[in-house]
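The next block holds one structure in the form of structure tokens; read it before the comments.
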Amino acid sequence: MSDVFADLVGQDDAVDTLRRAAASAAAVLHAAHLPPPSVVPAVADDGEYDDLDALADMVDAADGVGATADADDAAINGVGATPGAVGAAPGIGATVVDPAAGMTHAWIFTGPPGSGRSVAARAFAAALQCVHGTGCGVCPGCHTTLTGTHADVRLVAPEGLSIGVGEMRALVLRAASTPSGGRWQVVIIEDADRLTEAAGNALLKAVEEPPPRTVFLLCAPSTHPEDVSVTIRSRCRVVPLRQPSAVAVAEVLVRRDGIAPDVAQWAAAAAQGHVGRARRLARDPEARQRRDAVLAVPRRLTGVGAALDAASALIEAAEAEAAASVAESDAAERAALQTALGAGGTGRGAAGATRGSAGQLKDLEKRQKSRATRAQRDALDRALVDLAGFYRDALASAWRAPVAPVHTDTAPLAEAGGQKWAPEGALRRLEAVLECRAAIEANVKPRIAVEAMMLSLWRG
Ligand SMILES: [Zn+2]
């Protein structure tokens, strides 16, 4: 069945939870259009009404909301206060869908990079906007959500290293408005771990007292306090995604993207569970070349000079890749801003506009620089993950572990390395790569971290 969840690879549990929630959300909307008494028997029938009612009262009391709160709002809030209620809920029965069972106002999608956090959030948003309430994938609600044009779905994706408070406040304000399509206002926040503290506080206020028809979908690597503040986390239901298997990734590349099975299998293994990366490797010759260059590093480390050269090459390749990826949007943004500011205008007012525009151009340059830094880090991190895969293969081979190699094309080389270095040497090298990633994440200058890593890889 090809509905909105079809591209969520290898995540059966999460898809199950989200389908159930979408059905409940649709039932909430349905119930809201019926006379109020009809809501009560549906909830009371399964014996949960008392609990739910008590919870709703507690939330109302805590939030200072009057007892006259909107029925569907109270029901959703009540369940929202009990994380994990999804599994325990009666869910989609044969006849009655409990409107409150699976739905809540705030969700966090967690999982390793490439596992599909934002794919899951978008699919769920589509299911919420689906006119059939199921995420059919073909109706206008599903279609406009997935193509990013639905009026009631807003997406925040940080281009720089963080999401600022201004952006978040504007978003929260708009999210409070009544959904124009009559269903839900959905706000998707990609990389919620990049919220500044002030932005996090602005979001927290909205999540604590959500408007009745607003749903927040946050994406973050984990629910660790470093990624998402404990207070926000406590208001959200968590949907954990796992690293999809190479088999599942290969299957979707073949089915959805029409990639040849042997190429799909190689790319899925090489991408280590990262679906988007696997697709790029399968389709983009430049991505393959960059990977080849990274995997040639271990062979090249023949001395101190060679190690430092390899470090320079790696850094410069990441810079070049990042520059290419942002060049087009940088130029387009600059041109758009200049047009908006009336650059080159000669009419009255043009001089005044120019005076004010210097500040706006400066702002834009600052944003673009932040985005470029992020793109460089991402490119470098991808290279390090590839390199870590090589040493992991060497370690697995030295141990004679019965696991498939990450990089099938360099498996013989990794095997030779494993023999030569023994498990201890292979492990030390793998750790050097992982330490380099951690150092860059902790803001050590990339060149310094990469040079230290290359020297460790050479010395062993
Ligand atoms: Zn639909």
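Results, tabulated for the structure shown:
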| item | result |
| --- | --- |
| Single residue of region 197-233 satisfying the filter (in contact (Cβ under 8 Å) with a residue 12 or more places away in the chain, within 17 Å of the chain's Cα centre (by Cα) and assigned to a loop (DSSP other than H, G, I, E, B)) that is farthest from ILE108 (Cα to Cα) | GLU226 |
| Residues (open to solvent by less than 40 Å² (accessible area, probe 1.4 Å) and more than 7 Å from the ligand (Cβ to nearest atom)) located in region 133-143 | GLY133 |
| Some residue of region 177-184 being outside any loop (DSSP other than H, G, I, E, B) and surrounded by fewer than 18 Cβ atoms within 10 Å (Cβ to Cβ) | no |
| Scan of region 238-253 for residues that are of a type in the set (Val, Ile, Thr) and either over 23 Å from the mean Cα position of the chain (by Cα) or open to solvent by less than 20 Å² (accessible area, probe 1.4 Å) (or both), ordered by number | VAL239, VAL249, VAL252 |
| One residue from LEU161, LEU146 being within 16 Å of the ligand (Cβ to nearest atom) and in contact with a helix residue (DSSP H, G or I) (Cβ under 6 Å, 6 or more places away or on another chain) | LEU146 |
| Qualifying positions in region 295-314 - under 29 Å from the mean Cα position of the chain (by Cα) and open to solvent by less than 10 Å² (accessible area, probe 1.4 Å) | LEU295 |
| Where PRO405 falls short, out of the listed (1) surrounded by 15 or more Cβ atoms within 10 Å (Cβ to Cβ); (2) part of a helix (DSSP H, G or I); (3) over 26 Å from the mean Cα position of the chain (by Cα) | (2) |
| Counted residues, region 437-456 - those being open to solvent by less than 50 Å² (accessible area, probe 1.4 Å) and closer than 19 Å to GLY389 by Cα | 8 |
| Tally, over region 121-132, of residues that are open to solvent by less than 10 Å² (accessible area, probe 1.4 Å) and more than 8 Å from the ligand (Cβ to nearest atom) | 5 |
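The values are calculated or read from the model by the stated rules, or taken from the named source; none is laboratory data. Predicted model, so just to flag it, every value in this text is computed and none were measured. Every residue, glycine as well, gets a Cβ built from its backbone with ideal geometry; the counts of neighbours run over all protein chains shown. Side chains included, ligands, DNA and RNA excluded: accessible areas come from the protein's heavy atoms. Shrake-Rupley method; radii C 1.70, N 1.55, O 1.52, S 1.80 Å.
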